[in-house]
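The next block holds one structure in the form of structure tokens; read it before the comments.
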Amino acid sequence: MFILRKKKIAGDKEYKSVLLVESVWNEEKKSPRHKTVLNLSKWPEEDINAFPDFVGVTAKKQQNEPEEPKSQNVVRSNN
């Protein structure tokens with residue numbers, strides 16, 4: 001299970017949803033699918049952020065969200 005954040009733009013409106021989903025196997029189509037377990041869209045953001053730690057699930061990035069730049073630590077020796 002994981003938390004999925006979706007954003008959909010239709011015309012001039014933007015719709016956001018936050019879902020707790022489970023990966024399931026679809027025998028008919030022979031492919032994995034997402035099954036919505038719980039809709040968290042109307043929850044306060046602070047409760048949504050605390051939820052993964054509470055139930056032990058991972059939080060997946062929003063589908064259109066850019067990756068955060070990775071910091072590089074450089075260790076130099078004086079040899």
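Readers should treat all values here as calculations from the given coordinates under stated rules, not as data from a laboratory. Fair warning: this is a prediction, and the values are worked out from it, not measured in the lab. Using ideal geometry, Cβ is built from the backbone for each residue, glycine included, and neighbour counts are taken over all protein chains shown.
Quick notes on this structure:
- Full extension of the segment from ASP12 to ARG33, taken as 0.36 nm per residue of separation minus the current Cα-Cα distance, would add 4.6 nm.
- Remark: the ALA50-GLU22 segment gains 8.2 nm on full extension, using 0.36 nm per residue and subtracting the alpha carbon distance.
- About the Cα centre, charge dipole magnitude for the stretch 2-59 (Lys/Arg +1, Asp/Glu -1 at Cβ), debye: 360
- Gyration tensor (alpha-carbon) shape descriptor, the stretch 2-59, a/c threshold 1.5: oblate
- Karplus-derived 3J(HN,Hα) values for the stretch 32-48, using 6.51 cos²θ - 1.76 cosθ + 1.60 with θ = phi - 60°, are x, 9, 9, 10, 6, 9, 8, 8, 9, 4, 8, 6, x, 4, 5, 6, 5 Hz; glycine and proline are entered as x.
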